[in-house]
Amino acid sequence: MVTLASEMFAVAPALGKASLSAAQARLLTGKARWLHAACAAGFPTVPTIAITRRGWLALKTADATLRGHWVATLLRLVGRDQKAPELVVRTSARAHRAGLSPARLALTPPTSEAEAVDPRHPLSLAITEVFETLAGEPDDLVIVQAMAGSRMHSFLIRDPQTGAMGPAEDGARSLPDSARELCELMDGLAGTNLNCTVTVEGDIVRLVSARRAESSAAAELEAAVDRVARGSWTRRDAVRGIDPLRLQQLLHPRLKSPDSRTALTSGLGVSPGAASGVIVFTAEDAARMHARGRHCILVVTETGPTDIEGMKAATGILTARGGMTSHAGVVARITGKPCVAGVRSLSIDPANLTCRIGERTFKAGERITIDGTDGVIYAGALPLSQPHIGGAMKQLLSWSDASRAIAVRANAETLEAVNTALSFGCEGIGLARSEHMFFSRERMVALRRMILSENPEDREKALNGLVDFQSADYAAIFAAMRGKPVTVRLFDPPLHEFLPRTDEDIEETAQSLGLGVQALRRRLDRIAESNPMLGHRGVRLAITYPEILKMQIEALAAGVRAASAHQSEPVTLEIMVPFVSTVSEVVEIKRQTFAILDQARLPAPARERLSFGTMIELPRAALRAAEIAEHVEFFSFGTNDLTQTTYGLSRDDAPAFLAVYQRKGIYEFDPFVTLDQKGVGELISRAIEDGRRANPNLKIGICGEHAGDPASLHYFATLDVDYVSCSPYRVPVARLTLAQ
């Protein structure tokens, strides 16, 4: 119980020590906290007392006892000379922010009890005015100090860019050695960078004030590792002390000073990092710019599979439609490209090669800058800071692995993405989307030929062209993974993502397939779907066209054989069936799959390691998890589609109104960014429980984009999951978050 008398106390008395009760210690925030810590450690500190808002208000109507206690507290500022010093009043907020009162200096001390509580006395006026700039909570704290008469210096205890131990300031070399001793002391006590103000009297440094200071992500990492080396932190402290989202700043370019420029508009930051370049409106133009060595921003309404090469060539991507799980967002995160999506004020005029961003019109070739972290777009080329991946990150992540029980895999299906994921410490591939292997123009023709086939004979001819592509890709991935698990999702191409849409694309596709344009249009009309995300995709494709399943399993088997012939580590292949809703679908695909595998002549070690599982991405599959679990060896929760189908939201269209929902408080967050624990989370939790009850050896994975979101990962860590799988550039974030 905190009494009113205990809400005014010495933090760093002029004489003796500050004996704080547990309740008083809990009241310490901001400057008061660090001043007390320094004083308690024996470092010279300017005499300081503190009072809470509750205590200050009580003094206005206090009895003699409480007023006497306030006077006694003020006397703790008086030194051995028994002279009352001039006073200073400062805020002691939890965090420094704009609008806080500056220090009130050189205040005349009260000479009597009456003056000490007189609301018109300079000290009382200063305390009241300083409290008015704080948050308005009863526990708000103000400190009163003895006026320091010597020369003042301010410095950071660590360099904000490198993390090196300070003092870090211009002219710091002129400070006594005790300034560095203060830096080392406060760094050990605070475990964060501080801005310290001190007085200097000869060789004596005396602490006046300390508040938190910002540091770069690289500096925070270096400081964390250094604290472990100095013994002030344990490895576990270092792992806990870093915000996982800060790691992304080290993996991508960033804006150096975004606050100095006015934004054109904003959208959704769906792939972190910043990029500057000239505007291009087509994937072909992006590829041409890349070939010339020029940076460009691909500006389109939305992206599709035919844009992949251009997306890889572009420095950044800007789209009018889409969100976190849109095609642009997913591909950008895989390739490490900054991307801003869902920019409602972006419109494109392809005929005149112009676009309107916010209130301004831009021509092709003009420069813009995008920030894929915050979703902001700027005119012109802004200066960027380049990514820095040093030994401190590797050290911290190795420590995090020691305390992490959940494995971290990556979503990747190209050799480049796989190698990137491995460099970031992934422990397997949790989602290789087989249809994404056909995103190059040459391969897209082959895939479209298969989709547009009108009879089994034509389809089989088209499939023969796909086998060679896939078997070589699989062999390369298996070889790169060296025995680590690789989960391959069977074909799941929503037709609207893979078929031509524009007149130009239709004409080009017709020519490549040897069809007339009108004949192709008729075929497209016949297979067009009103809702392709819930249409003929996933397991439904494999059941209606078993020759597609046969091609893919044979390609996988060929890849396993090829990789096994050149490595000692057995291939660990996990075949995953997507978009199932009934156990009968799983049973049928499993029967067909193993009938093909039994004839595939797989090496014995690879055959022993092979496993069969399914994605759980539809509510019905989650509700029927127990009966499905009896026929599979693993579940992998596809949280993107599971969120979409649970909410009844289109993940491509929802960004247009989700921002309004969040502003009005209808949704607390975007469910495609952070997992909805109450709805989608309950489905996952129930499915895990039911599945494990039916199959105790069932392996559980999470492979949606939520697997790279720290808030979602904290929830997954409460479930009985074996691994999560996220985009390659989010692997470090997942490793650190799960360790925490």
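The values are calculated or read from the model by the stated rules, or taken from the named source; none is laboratory data. A quick note: this is a predicted structure, and the numbers were derived from the prediction, not measured. Ideal geometry is used to build each Cβ from the backbone, glycine not excepted, and the neighbour counts take in all protein chains shown. What goes into the accessible areas is simple: the full protein's heavy atoms, side chains included, and nothing from ligands, DNA or RNA. Shrake-Rupley method; radii C 1.70, N 1.55, O 1.52, S 1.80 Å.
Its Cα gyration tensor gives region 500-653 an equivalent ellipsoid, and the semi-axes of that ellipsoid, as √(5λ) in whole Å with the largest first, are 32, 24, 14. Each Lys and Arg Cβ is given +1 and each Asp and Glu Cβ -1; about its Cα centre, region 640-740 then shows a dipole of about 160 debye. Karplus-based coupling profile of region 136-149, in residue order and whole Hz: x, 8, x, 8, 3, 10, 10, 10, 10, 10, 6, 5, 8, x, with θ = phi - 60° in 6.51 cos²θ - 1.76 cosθ + 1.60 and x standing for Gly or Pro.
Putting +1 on Lys and Arg Cβ atoms and -1 on Asp and Glu Cβ atoms, find which of 538, 694, 269 reaches farthest to the positive end of the dipole of the chain. Projecting each Cα onto the dipole axis, the largest value belongs to 269. A dipole drawn for the chain from +1 and -1 charges on Cβ atoms has a positive end, and of 579, 55, 410 the residue lying farthest that way is 55.
Within the same chain, aspartates and glutamates fewer than 8 places from residue 363 are excluded, and of the rest, those with a Cα less than 19 Å from its Cα are 284, 285, 302, 349.
For the chain, with only Lys/Arg (+1) and Asp/Glu (-1) charged at the beta-carbon, what is the dipole magnitude about the Cα centre, in debye rounded to 20?
On the way: 83 positive and 84 negative charges, 233 e Å.
The calculated dipole for the chain is roughly 1120 debye.
Taking all Cα pairs closer than 8 Å and separated by 6 or more residues, the relative contact order of the chain comes to 10 percent. Counting only the Cα atoms, region 604-740 fills a convex hull of 127 Å³ per residue. Straight Cα distances below 21 angstrom link residue 699 to the lysines 484, 590, with same-chain residues fewer than 8 positions distant left out. Spread over its residues, the convex hull of the C-alpha atoms of region 60-169 is 145 Å³ per residue. Using a simple spin-label model with pseudo-atoms 7 Å out from Cα toward Cβ, residue 301 and residue 403 lie 5.1 nm apart.
Modelled this way, with points 7 Å down the Cα-to-C-beta line, the labels at residue 97 and residue 504 are 5.0 nm from one another.
The alpha carbon centroids of region 536-568 and region 428-475 are separated by 10 Å. Accessible area of region 37-107 with a 1.4 Å probe: how many percent of it is carbon plus sulfur? C and S atoms contribute 55 percent here. Pairs 461/550; 17/60; 337/550: which exceed 25 Å Cα-Cα? With Cα atoms farther than 25 Å apart: 17/60; 337/550. Couplings for region 309-322, taken from phi via the Karplus curve 6.51 cos²θ - 1.76 cosθ + 1.60 with θ = phi - 60°, read 4, x, 5, 5, 6, 6, 7, x, 10, 10, 10, 7, 10, x Hz in order; Gly and Pro are left as x. Across region 378-477, the relative contact order, built from alpha-carbon pairs under 8 Å that are at least six residues apart, equals 22 percent.
Dipole of the chain computed with +1 at Lys/Arg Cβ and -1 at Asp/Glu Cβ about the Cα centre; of 731, 314, 385, farthest Cα towards the positive end is 385.
Treating only the Cβ of Lys, Arg, Asp and Glu as charged (+1, +1, -1, -1), what charge dipole size does region 518-633 show about its Cα centre? Round to the nearest 20 debye.
520 debye
Mean separation of Cα pairs under 8 Å and 6+ residues apart, divided by the residue count of region 439-552: what relative contact order is that in percent?
Working: 81 pairs, mean separation 38.8, N = 114.
Relative contact order for region 439-552 comes out at 34 percent.
Put the Cα centre of region 129-173 next to the Cα centre of region 636-672 and the gap is 43 Å. With all protein chains kept in place, the per residue accessible area of the chain amounts to 42 square angstrom at a probe of 1.4 angstrom. When only alpha carbons of region 250-345 are considered, Rg and Dmax amount to 12.4, 37 Å. For an R0 of 41 angstrom, estimate the FRET efficiency from the Cβ-Cβ distance between residue 363 and residue 544 and round to the nearest 0.05. The calculated FRET efficiency here is 0.30.
For the chain, give the share of DSSP beta bridges that are antiparallel, in percent and rounded to the nearest 5; count only bridges with both residues there.
Values: 56 of 94 bridges.
Bridges in the chain are about 60 percent antiparallel.
Once neighbouring chains are kept in place and the probe is 1.4 Å, which whole percent of the accessible area of region 293-404 is contributed by carbon and sulfur? Using a 1.4 Å probe with all protein chains present, region 293-404 comes out at 49 percent carbon and sulfur.
For the pair residue 139 and residue 174, label points projected 7 Å from Cα toward Cβ lie 4.2 nm apart.
At a 1.4 Å probe radius, carbon and sulfur cover how many percent of the accessible area of region 477-529? Before the final figure, lay out each step's value.
Working: 1150 of 2490 Å².
Whole-percent figure for carbon plus sulfur exposure: 46.
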